[in-house]
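Engineer: Here you go, one structure.
The values are calculated or read from the model by the stated rules, or taken from the named source; none is laboratory data. Keep in mind that what you see is a predicted model, and the values were worked out from it rather than measured. Because the Cβ atoms are built from the backbone with ideal geometry, glycine has one as well, and the counts that use them run over all protein chains shown. Each accessible area value is taken on the protein alone, full model and side chains, heavy atoms only, with ligands, DNA and RNA left out. Shrake-Rupley method; radii C 1.70, N 1.55, O 1.52, S 1.80 Å.
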Amino acid sequence: MNATPPPIRYGEIAPRAPEGAIDLNALLPFDGPLELDIGFGRGRSIFERAAVAPESRILGVEIKSKWAFKVEEKRKRLGLERVRIFADDVRELLPRCGPEGAVTRAFVHFPDPWWKHRHARRFVVAEPFLDAMAFLLCDGGELFVQTDVEDRAIRYRDLIAGHPAFDLATETGFIDSNPYGARSNREHRADEDGLPVHRVLARRRPR
Ligand SMILES: C[S@@+](CC[C@H](N)C(=O)[O-])C[C@H]1O[C@@H](n2cnc3c(N)ncnc32)[C@H](O)[C@@H]1O
């Protein structure tokens, strides 16, 4: 009789951020713009971005250990030294990161898949996240948030517009297409299904 294999404990084997204060430049000690991919899920956006922007350094943070583990395994197979992957809660991680102004771009593809009022406390795109991004982004640094849920997109746009550290990149805050040459898994699916995607682009105001 075949024995059932033991369950894989992804929480124990997924790559985790170090404890305490994190120097992003020490984490990825290369030249080139530093980019964040927040909640990358199955990670397609990370690999597509690494392919089109090989000069960039990319830190991906995903709360689900299983996805972080799988993306890390693929990263190692591809030998992508300029990419780091952490299985962590970005809300806890980002406030520990520095130095100020280290990040050139942050991507948040299709965040916050929760619809019940009581789950609002789980939201990533909220004021504490914007405060952390205001600290980490360089002057003129880009914050890109996209979703296929229109009222969420409006909420993100309004939140960002109301934060003193950001300027919307267009009058409405929305842009028509993804300018980064890298699409996430959800974005690919939305495109295949013909669903509109709502994209918000903002820039860090000069300090
Ligand atoms: C709807 S999925 C989108 C995944 C991917 N970005 C895409 O577009 O295909 C949202 C992702 O955000 C992750 N996530 C949610 N809260 C998070 C948090 N606090 N820290 C890091 N990742 C988070 C979820 O685990 C999930 O993978």
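Engineer: Which condition does Tyr156 not pass, out of (1) farther than 19 Å from Arg49 by Cβ; (2) crowded, with 20+ Cβ neighbours inside 10 Å; (3) within 12 Å of the ligand (Cβ to nearest atom), if it passes all the others?
Structural biologist: (3)
Engineer: Among what's in the range 18-33 and is outside any loop (DSSP other than H, G, I, E, B) and touching a residue at least 40 places away in the same chain (Cβ under 8 Å), pick the residue that is surrounded by the most Cβ atoms within 10 Å (Cβ to Cβ).
Structural biologist: If we filter the range 18-33 for residues that are outside any loop (DSSP other than H, G, I, E, B), which is where we start, we get 22-27.
If we keep only those that are touching a residue at least 40 places away in the same chain (Cβ under 8 Å) as well, we get 22-25, 27.
Details: Ile22: 16, Asp23: 13, Leu24: 18, Asn25: 12, Leu27: 16.
Checking each candidate, the answer is Leu24.
Engineer: How about the range 174-206: which of its residues are farther than 19 Å from Asp112 by Cβ, open to solvent by 60 Å² or more (accessible area, probe 1.4 Å) and basic (Lys, Arg)?
Structural biologist: Listed by number, the residues that qualify are Arg203, Arg205.
Engineer: Ok, one more. Considering only residues that are open to solvent by less than 10 Å² (accessible area, probe 1.4 Å), under 20 Å from Arg183 (Cβ atoms) and either more than 8 Å from the ligand (Cβ to nearest atom) or not in a strand (DSSP E or B) (or both), which ones fall in the range 60-89? Quick ask: steps written out before the conclusion?
Structural biologist: Step one: of the range 60-89, the residues open to solvent by less than 10 Å² (accessible area, probe 1.4 Å) are 60-61, 68, 71, 83, 85-87.
With the extra rule that they be under 20 Å from Arg183 (Cβ atoms), the set shrinks to 60-61, 68, 71, 83, 85.
Once the filter is applied, which keeps residues that are open to solvent by less than 10 Å² (accessible area, probe 1.4 Å), under 20 Å from Arg183 (Cβ atoms) and either more than 8 Å from the ligand (Cβ to nearest atom) or not in a strand (DSSP E or B) (or both), the range 60-89 yields Gly60, Ala68, Val71, Val83, Ile85.
Engineer: Only residues that are of a type outside the set (Asp, Glu) and crowded, with 20+ Cβ neighbours inside 10 Å: list them for the range 112-129, please.
Structural biologist: The first filter runs over the range 112-129 and keeps only residues of a type outside the set (Asp, Glu), leaving 113-126, 128-129.
Passing the criteria: Val125, Phe129.
Engineer: Specify the residue that is nearest to Leu93 (Cα to Cα); the eligible residues are those in the range 2-17 that are outside any helix (DSSP H, G or I) and more than 18 Å from the chain's Cα centre (by Cα). Can you show your working first?
Structural biologist: Step one: list which residues in the range 2-17 are outside any helix (DSSP H, G or I), which gives 2-9, 14-17.
The next check asks that each one be more than 18 Å from the chain's Cα centre (by Cα); those that pass are 2-9.
Numbers: Asn2: 42, Ala3: 39, Thr4: 36, Pro5: 33, Pro6: 31, Pro7: 27, Ile8: 25, Arg9: 22 Å.
Per the criteria, the residue is Arg9.
Engineer: A follow-up question, please. I'm trying to understand the selection: among the residues of the range 126-143, which are among the aromatic types (Phe, Trp, Tyr) and over 18 Å from Gly162 (Cβ atoms)? First the steps, then the outcome.
Structural biologist: Within the range 126-143, the first condition is being among the aromatic types (Phe, Trp, Tyr), and the residues that meet it are 129, 135.
Correct list: empty.
Engineer: Test Leu168 against the stated conditions and say whether it is under 19 Å from the mean Cα position of the chain (by Cα), at pLDDT 95 or above, aliphatic (A, V, I, L, M) and open to solvent by 20 Å² or more (accessible area, probe 1.4 Å). Before the answer, list the steps.
Structural biologist: Numbers: under 19 Å from the mean Cα position of the chain (by Cα): yes; at pLDDT 95 or above: yes; aliphatic (A, V, I, L, M): yes; open to solvent by 20 Å² or more (accessible area, probe 1.4 Å): yes.
Yes, satisfied.
Engineer: Continuing with this model, one more query. I'm trying to understand the selection: among the residues of the range 34-55, which are away from the ligand (no atom under 16 Å from the Cβ), in a loop (DSSP other than H, G, I, E, B) and open to solvent by 40 Å² or more (accessible area, probe 1.4 Å)? Quick ask: steps written out before the conclusion?
Structural biologist: Going residue by residue through the range 34-55, those that are away from the ligand (no atom under 16 Å from the Cβ) are 34, 51-55.
From the residues that got through so far, the ones that are in a loop (DSSP other than H, G, I, E, B) too are 53-55.
If the condition is that a residue be away from the ligand (no atom under 16 Å from the Cβ), in a loop (DSSP other than H, G, I, E, B) and open to solvent by 40 Å² or more (accessible area, probe 1.4 Å), then Pro54, Glu55 are the ones that fit.
Engineer: Which of the residues spanning the range 100-115 are more than 15 Å from the ligand (Cβ to nearest atom) and either touching a helix residue (DSSP H, G or I) at 6+ places or on another chain (Cβ under 7 Å) or over 16 Å from Arg57 (Cα atoms) (or both)?
Structural biologist: Glu100, Ala102, Val103
Engineer: Condition (residue is among the aliphatic types (A, V, I, L, M), in contact (Cβ under 8 Å) with a residue 60 or more places away in the chain and closer than 27 Å to Val83 by Cα) applied to the range 143-150: is it met by at least one residue?
Structural biologist: The first filter runs over the range 143-150 and keeps only residues among the aliphatic types (A, V, I, L, M), leaving 143, 145, 149.
Next cut, in contact (Cβ under 8 Å) with a residue 60 or more places away in the chain only: 143.
So of that shortlist, the ones also closer than 27 Å to Val83 by Cα come out as 143.
Taking every residue of the range 143-150 in turn, at least one turns out to be among the aliphatic types (A, V, I, L, M), in contact (Cβ under 8 Å) with a residue 60 or more places away in the chain and closer than 27 Å to Val83 by Cα.
Engineer: If a residue must be over 21 Å from Arg42 (Cβ atoms) and touching a strand residue (DSSP E or B) at 6+ places or on another chain (Cβ under 6 Å), how many such residues does the range 99-132 contain?
Structural biologist: Number satisfying all stated conditions: 4.
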